[in-house]
1. Answer yes if at least one residue in the range A:33-46 is over 28 Å from A:Lys183 (Cβ atoms) and either at the interface with another protein chain (Cβ under 10 Å from one of its Cβ atoms) or in a loop (DSSP other than H, G, I, E, B) (or both), and no otherwise.
2. Just a yes or no: is a residue in the range A:155-174 under 21 Å from A:Cys23 (Cβ atoms) and more than 14 Å from the chain's Cα centre (by Cα)?
3. For the list (1) in contact with a strand residue (DSSP E or B) (Cβ under 8 Å, 6 or more places away or on another chain); (2) more than 14 Å from chain B (Cβ to nearest Cβ); (3) modelled with pLDDT under 95, I need the number of the one condition that A:Ile127 fails.
4. So for the range B:187-196 (the condition being touching a residue at least 12 places away in the same chain (Cβ under 8 Å), open to solvent by 60 Å² or more (accessible area, probe 1.4 Å) and not hydrophobic (A, V, I, L, M, F, W, C)), does at least one residue qualify?
5. It is to be established whether one or more residues within the range A:168-188 are in a helix (DSSP H, G or I) and among the hydrophobic types (A, V, I, L, M, F, W, C).
6. Out of the residues in the range A:1-38 that are small (Gly, Ala, Ser), at pLDDT 95 or above and open to solvent by 20 Å² or more (accessible area, probe 1.4 Å), state the one that is nearest to A:Tyr103 (Cα to Cα).
7. So in the range A:88-115, with the set limited to residues that are open to solvent by 50 Å² or more (accessible area, probe 1.4 Å) and among the charged types (D, E, K, R), which one is nearest to the other protein chains (Cβ to nearest Cβ)?
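The values are calculated or read from the model by the stated rules, or taken from the named source; none is laboratory data. A quick note: this is a predicted structure, and the numbers were derived from the prediction, not measured. Positions of Cβ are generated from backbone atoms using ideal geometry, with glycine treated the same way; all protein chains shown enter the neighbour counts. Surface accessibility is based on the protein's heavy atoms, side chains included, excluding ligands, DNA and RNA. Shrake-Rupley method; radii C 1.70, N 1.55, O 1.52, S 1.80 Å.
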Amino acid sequence: MTRNIISVDLDSCIGCHSCAVVCKQENGVGLGTYYNKVLTVGPSGTFPDLEMYYLPVACQHCDNPECVSVCPTGASYKREDGVVLVDHSKCIGCQYCVMACPYGVRTYDESRDKGVIEKCTMCAHLIDKGEKPACVKHCPGQARLFGDLDDPESPPSKMRATKKVHKLTDVGNHPGVEYGLDKFTWKGGE
Amino acid sequence: MEVQWPLLVFSVLLGITSGSFIFLAIGELTGKFKEVRFTGALIALVCLAIGGCVSVLHMGHPERALHLLGNLGSGLSKELFAVAVMGIVAIVYLVLARKDYPGASKVFGVIGGVVGIVLSPIAGASYLIAARPAWDSIALPLMYLGAGLALGFTLMAALVLLKGKASEEGGFALKLALAGVVIMAVTTVAYVIWIAIAPYQAPSRSIERLLSGDLALMFWAGVVVVGIVVPVALTVLACVKATRGEGGSGIANPKSLSTYLFVSFACTAVGAVAIRMIMYAVGTSVEQLIYK
């Protein structure tokens, strides 16, 4: 079984926002809408022992996505390879999935395809052609890693084997994205 | 999150439908309130219809509503199903209330009551989402049910006093109205307690926002005073006056008592709107990373 995932090596992330920019370019994401954003965590601590890192956030492509279970039409769905998508032809724009997402990474987009939900697609149109997601391909620090978590040779599996990995707060949805962070103290929920 | 007005209005109107049908079902079982059956059921149906239409405004693509059968496990699908059943039962009951079919009227009245009992909680249960800790408790659907009972019972009891056999059935109707507002008060307080003890506490969903923060005016004035204290006080006063009569005369004026209940109903509606506005305000997700 394939479990595609984007992992992020936070120790390598330089906070350049290239992933957010290229995502908008690749997916034609409108003004005010983001599939992917880079947050700054910190600085924290007391001088001179300060810590700060960048946290790229997007849909976590959860193992047990609540956005999928609450969707009344089945428009939000999880593919067999783990990617969570929205079928715009079925989406009635009820925004129930927006409420159900624990991370606030879905939005109701009225600008492009009026009245539907938008979110990160893991560049499904690219990975289906055997390519990497745009954010992974264009990350200058090679902090973003794409691959099958069930394949021990995939970059996400290798990061998992070598670094301490963290996840965003889990309220039963089991977020998929893994964040590798050794240099600083993880500030998020586990 | 922002107040979702179509959903808010829908839930309050749904509460009126729910409570009204439970009241009428009790009437069917006890052989009372015959004079208000038609008017009561008509009000309940109109509220359901208006609420249904208003809720559609929340959707970006209502024309794709047929897809709603795509995931029957979803809370929204269950809600739609319950509303459809309630609508059918209400129409049948309305027709039967006009004719003289006591047996069938009783059967559909009781079915309407049973559907009414689950209608409001089903609407509230749609908000049981782990991502929004301030919503994720059984206290929320119970609060919806409590508001529905108070709204429906006070409205129907007022109708009984105005149109029905006030001298014979008014006392029972008043007792039901009192039970409704007391349940509403208890369930509202229970929900506020849940906000205080919900997991993943954060300033955006803290009880301090209600008690002394930016939501304090809405909470103390809208929920506590107008939404709980006034309806309970007015309904108690109506019950006392019905027992002792105006000025201790032993004779009560049904129209005056119905006014108390209409005002109690209106205040309960204001309180129901206020607590829902607070519910949306404190309904922030565990982590709001991109969108607030």
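1. Initial filter on the range A:33-46 (over 28 Å from A:Lys183 (Cβ atoms)): A:33.
Restricting the remaining residues to those that are either at the interface with another protein chain (Cβ under 10 Å from one of its Cβ atoms) or in a loop (DSSP other than H, G, I, E, B) (or both) gives A:33.
Within the range A:33-46 (the criterion being over 28 Å from A:Lys183 (Cβ atoms) and either at the interface with another protein chain (Cβ under 10 Å from one of its Cβ atoms) or in a loop (DSSP other than H, G, I, E, B) (or both)), the answer is yes, since at least one residue qualifies.
2. Checked against the condition, which is being under 21 Å from A:Cys23 (Cβ atoms) and more than 14 Å from the chain's Cα centre (by Cα), the range A:155-174 yields at least one hit.
3. Exception for A:Ile127: condition (3).
4. no
5. Let us first name the residues in the range A:168-188 that are in a helix (DSSP H, G or I), namely none.
No, because not a single residue in the range A:168-188 is in a helix (DSSP H, G or I) and among the hydrophobic types (A, V, I, L, M, F, W, C).
6. Among those that are small (Gly, Ala, Ser), at pLDDT 95 or above and open to solvent by 20 Å² or more (accessible area, probe 1.4 Å), it is A:Ser18.
7. A:Lys90
Yes or no, residue by residue, for (1) more than 18 Å from the chain's Cα centre (by Cα); (2) at pLDDT below 95; (3) closer than 19 Å to B:Val273 by Cβ:
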residue: B:Gly87; (1), (2), (3): no, no, no
residue: B:Tyr101; (1), (2), (3): yes, yes, no
residue: B:Ser105; (1), (2), (3): yes, yes, no
residue: B:Ser126; (1), (2), (3): no, yes, yes
residue: B:Gly148; (1), (2), (3): no, no, yes
residue: B:Leu161; (1), (2), (3): yes, yes, no
